[in-house]
Amino acid sequence: MTDPERLLAPQPVRLERTGGAWRGAGEVSLWGGFAGPESTMLRARASELLARAGLRVADAAQPSEAAVSLQPGNGLAPQSYRLESLQEAWRIEAGDAPGAFYALCTLAQWLELHRSPDGRSVSAPCIRVEDAPSFATRGAMLDVSRNRVPTLETLFELVDRFAALKLNHLQLYVEHTFAYQGHERVWEGWSPLTAEEIRALDDHCRERFVELAPNQNSFGHFHRWLVHDAYRPLAECPEGIQHPFGDEREPFSLCPTDPRSLELLGDLYAQLLPCFRSERFNVGLDETFDLGMGRSAAEVARVGRGRVYLEYLRRVHGLVSRHGRRMLFWGDIILEHPELIPELPEDVVALEWGYEADHPFGEHGASFASSGREFWVCPGTSSWLSFAGRATNALGNLASAAVHGREHGASGYLVTDWGDQGHLQPLPASYVGWLAGACFAWNADAARRAPREPSSATAASVADGVERWLAGDCAPGIGRSIWDLAEAYRLVGPTPMNRSVLFSIVQRVAQPMTGGAFDALDREGLERTAAALRDLRAGLTTKAAVSASREGEPGAAARTIGAEQTQRELLWTADAMLLACELGLQRIEQGRERPVLELPAASRRSHRDEAKRLAEELSGTWLASHRPGGLDASLEWWGRIEHALEAENESIGCE
């Protein structure tokens, strides 16, 4: 049996048992030693957190009468805390109100782990905890621009879950999904976030000690704007380029030498930034594939690509500074020109991102650290382009970022979650990454201890952690199903970079199944994976009945990330992966270089009907937690797959 200490997420830096046990039931009294709005916030959060252990919170008249007392701690750093239990009471000393909140998070988990089987009482060993984070800023970034825009209710629930893991920063990655006034043509039909919704989310975050920071890509990844005639003249390549984030040639980046690019950004910033309390602002500036390929070519030839990029970055920095904000930017392009890093504005924060387990966080972190520029490490959940996630890769990537980030003095750790190619993975595909990332961001020593190759004990620990993090919104055993689905990518055999081969089989169904990871794909791997998925699916069907019964419990219907929703999404995911296995097996049998249209008509019809069913199922699960805008674009992705399997469409592609 696992020691309860190892089940705390994140694991405290130091925890020791002091003898005896604290016993409580029903109601616990709370004394808050913090004043003003922070006191109200802590009282509300204590009520929510301790409810998970079956305890109600009442106010104590004085500290000596409190079962739980919160006090400022002299000499304690911001966000740090001491938690100590006697047999009668729990005493918390914290460096500030966020530290007191994190102490309550640890306490609530400890009490929940020692709740009686009938749920009516708690008998928890007395402990002493001294704890502080490895990274001052610990965040999550959600992609709300690749078709899926969460409902406000879903965002509220995710913030609650992130805060319980001691994350204190949130970004929503925006390309075109904020309702900018005067630019309705860009976001029309995409169900964008409005200024009022951002302000409401900012309030919700603040009450949970989470900073909501604005994020608007401002150079590359501007194709959602530039495809429209009114904005196309601002493009580096108005005639378009082929890029990895779309199916057609289209303009991708703003032209850095056109003053009108900055004029447009000035308008956007003036509308977006007042919605946020945060003083930080992520302006993107990554993946400028077409820089120097069009209208800036002469200037690039004169001074160099890196210099043109740096001068544009400086002008964007000037805009950001005029709004009193501090600029964050993705560091990939400046790392191509390391000699220019010392010329960056002194107050910028570089975001060092990379998503494979072997990404060189150490090398890149050293480049930023030697320049004196502040930087964050930004690993990912490995959920995108995979249907179910890539658990082992995610754990390696997240752990490496924490270890090397701490070694080189990174001040922040941001777990990114992307939605490339239609954002077809459901929310549960990101749960392993969010959970592990939050744990490593708080305690980098835990990342250092993490095994390079996850064991059965790792799987059990992560699965249990996911279930406890979901706080009753799943059937028993669902955490293991999430883990097993996220590990299925390794059963197949080949593990291409930044995607799973199963996703590629479906995505590229209209193309020959050759080249790259396809050449290493064999029948044994696909049969092994299909068998595991069928077993997993059978287990999920059984769990679904349990989940359906739980949905009737008080309060369950109000949640958009609930048990029944999770079951439906996981069943859909297993079926999508099974379709990939079956397609792959048949294409290997017929000759992987041969077109899919040479499959037997009955087989193609069966696969086409399954793709159509999956599209219909996707609509239902999508709308339970996300807005309708973007759904049609993702359904079109499935429609192209259906179309590619029809005999009269031999030349159709689905890249």
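Checked across the range 44-52, the condition of being touching a Ser or Thr at 6+ places or on another chain (Cβ under 9 Å) and either at pLDDT 95 or above or farther than 27 Å from residue 472 by Cβ (or both) holds for no residue.
Would you pick out the residues in the range 583-599 that are in a loop (DSSP other than H, G, I, E, B), in contact with a helix residue (DSSP H, G or I) (Cβ under 8 Å, 6 or more places away or on another chain) and surrounded by 14 or more Cβ atoms within 10 Å (Cβ to Cβ)? Passing the criteria: 592, 599.
Hey, does the range 636-651 have a residue that's of a type outside the set (A, V, I, L, M, F, W, C) and modelled with pLDDT of 95 or more? Explain how you work it out, then say what you get.
Going through the range 636-651, the residues of a type outside the set (A, V, I, L, M, F, W, C) turn out to be 636, 639-640, 642-643, 646, 648-651.
Retained after the next criterion (residues that are modelled with pLDDT of 95 or more): none.
Scanning the range 636-651, I find no residue that is of a type outside the set (A, V, I, L, M, F, W, C) and modelled with pLDDT of 95 or more, so the answer is no.
Residues of the range 366-378 that are surrounded by 24 or more Cβ atoms within 10 Å (Cβ to Cβ) and either among the basic types (Lys, Arg) or within 22 Å of the chain's Cα centre (by Cα) (or both): 375, 376, 377, 378.
Set side by side, the residues 623, 614 differ, and just one is more than 23 Å from residue 508 (Cβ to Cβ) and at pLDDT 95 or above, which is 623.
In this structure, residue 85 does not satisfy being among the hydroxyl-bearing types (Ser, Thr, Tyr), in contact with a Pro (Cβ under 7 Å, 6 or more places away or on another chain) and either modelled with pLDDT of 95 or more or surrounded by 15 or more Cβ atoms within 10 Å (Cβ to Cβ) (or both).
Evaluation of residue 342 against the conditions (1) farther than 18 Å from residue 262 by Cα; (2) open to solvent by less than 40 Å² (accessible area, probe 1.4 Å) shows that the sole unmet condition is (2). If only residues of the range 432-487 that are under 15 Å from residue 162 (Cα atoms) and without any contact (Cβ under 8 Å) to a residue 40 or more places away in the chain are counted, the one that is least open to solvent (accessible area, probe 1.4 Å) is 466. Of the helices (runs of 4 or more DSSP H) lying entirely inside the range 324-427, the ones with 1 or more residues being of a type outside the set (D, E, K, R) and within 23 Å of residue 158 (Cα to Cα) are found at 391-407.
Residue 507 meets each of the listed conditions (1) in contact with a helix residue (DSSP H, G or I) (Cβ under 7 Å, 6 or more places away or on another chain); (2) buried (at least 20 other Cβ atoms within 10 Å of the Cβ); (3) modelled with pLDDT of 90 or more apart from (1).
What about residue 573, is it among the hydroxyl-bearing types (Ser, Thr, Tyr), modelled with pLDDT of 95 or more, on the phi < 0 side of the Ramachandran plot and in a helix (DSSP H, G or I)? If you could, list the steps in order and put the result at the bottom.
Details: among the hydroxyl-bearing types (Ser, Thr, Tyr): yes; modelled with pLDDT of 95 or more: yes; on the phi < 0 side of the Ramachandran plot: yes; in a helix (DSSP H, G or I): yes.
Yes: the conditions hold for residue 573.
Does any residue of the range 446-465 turn out to be within 27 Å of residue 246 (Cβ to Cβ), within 20 Å of the chain's Cα centre (by Cα) and among the small types (Gly, Ala, Ser)? No - not one qualifying residue is present in the range 446-465. When residue 610 is tested against (1) open to solvent by 30 Å² or more (accessible area, probe 1.4 Å); (2) within 27 Å of residue 191 (Cα to Cα), just one condition goes unmet, and that condition is (2).
So, in the range 345-365, of the ones that are in contact (Cβ under 8 Å) with a residue 12 or more places away in the chain and out of contact with any Phe, Trp or Tyr (no Cβ under 9 Å at 6 or more places or on another chain), which residue ends up most open to solvent (accessible area, probe 1.4 Å)?
Within the range 345-365, the subset in contact (Cβ under 8 Å) with a residue 12 or more places away in the chain is 345-359, 361-362, 364-365.
Then drop every residue that is not out of contact with any Phe, Trp or Tyr (no Cβ under 9 Å at 6 or more places or on another chain), which leaves 345-347, 356-358, 361-362.
On the way: 345: 21, 346: 155, 347: 59, 356: 35, 357: 46, 358: 128, 361: 1, 362: 14 Å².
Out of the qualifying residues, it is 346.
Per-residue answers, yes or no, for (1) out of contact with any strand residue (DSSP E or B) (no Cβ under 7 Å at 6 or more places or on another chain); (2) not in a loop (DSSP other than H, G, I, E, B); (3) not aliphatic (A, V, I, L, M):
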position	(1), (2), (3)
233	yes, yes, yes
237	yes, no, yes
245	yes, no, yes
248	yes, no, yes
252	no, no, yes
256	yes, no, yes
263	yes, yes, yes
271	yes, yes, yes
274	yes, yes, yes
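Of the helices (runs of 4 or more DSSP H) lying entirely inside the range 88-194, those containing at least 3 residues that are open to solvent by less than 40 Å² (accessible area, probe 1.4 Å) and at pLDDT 95 or above are 97-113, 152-164. Just one of the numbered conditions (1) loosely packed, with under 14 Cβ neighbours inside 10 Å; (2) at pLDDT 90 or above; (3) in a helix (DSSP H, G or I) is not true of residue 542: (2). State the number of residues belonging to the range 39-70 that are open to solvent by 40 Å² or more (accessible area, probe 1.4 Å) and either β-branched (Val, Ile, Thr) or closer than 19 Å to residue 88 by Cα (or both). The number of residues fulfilling the criteria is 8.
A single member of 39, 47 is among the polar types (S, T, N, Q) and either over 17 Å from residue 106 (Cβ atoms) or part of a strand (DSSP E or B) (or both), and it is 39.
Specify which of the listed residues (602, 580) is free of Cβ contacts under 8 Å to residues at least 40 places away in the same chain and either over 21 Å from residue 489 (Cβ atoms) or surrounded by 22 or more Cβ atoms within 10 Å (Cβ to Cβ) (or both). So that I can check it myself, show each step before the final result.
Numbers: 580 fails: free of Cβ contacts under 8 Å to residues at least 40 places away in the same chain.
Exactly one residue qualifies, and that residue is 602.
Applying the set (1) assigned to a helix (DSSP H, G or I); (2) buried (at least 20 other Cβ atoms within 10 Å of the Cβ) to residue 204 leaves exactly one unmet item: (2).
Can you find a residue in the range 423-430 that is touching a strand residue (DSSP E or B) at 6+ places or on another chain (Cβ under 8 Å), open to solvent by 10 Å² or more (accessible area, probe 1.4 Å), under 30 Å from residue 641 (Cβ atoms) and not aromatic (Phe, Trp, Tyr)? First the steps, then the outcome.
Within the range 423-430, the first condition is being touching a strand residue (DSSP E or B) at 6+ places or on another chain (Cβ under 8 Å), and the residues that meet it are 423, 430.
If we keep only those that are open to solvent by 10 Å² or more (accessible area, probe 1.4 Å) too, we end up with 423.
If we keep only those that are under 30 Å from residue 641 (Cβ atoms) as well, we get 423.
Retained after the next criterion (residues that are not aromatic (Phe, Trp, Tyr)): 423.
So far as the range 423-430 goes, yes, one or more of its residues are touching a strand residue (DSSP E or B) at 6+ places or on another chain (Cβ under 8 Å), open to solvent by 10 Å² or more (accessible area, probe 1.4 Å), under 30 Å from residue 641 (Cβ atoms) and not aromatic (Phe, Trp, Tyr).
Residues of the range 212-242 that are surrounded by fewer than 19 Cβ atoms within 10 Å (Cβ to Cβ) and over 17 Å from residue 176 (Cα atoms): 233, 238, 239, 241, 242. Filtered by the rule that a residue be of a type outside the set (Lys, Arg) and either open to solvent by less than 40 Å² (accessible area, probe 1.4 Å) or in contact with a Leu (Cβ under 6 Å, 6 or more places away or on another chain) (or both), the range 298-316 gives 300, 304, 306, 308, 309, 310, 312, 313, 316.
The values are calculated or read from the model by the stated rules, or taken from the named source; none is laboratory data. These numbers were taken from a predicted model, which means no experiment stands behind them. Don't worry about glycine lacking a Cβ; one is built from the backbone with ideal geometry, like all the others, and counts go over all protein chains shown. These area figures cover heavy atoms from the full protein model, side chains too; ligands, DNA and RNA do not enter into them. Shrake-Rupley method; radii C 1.70, N 1.55, O 1.52, S 1.80 Å.
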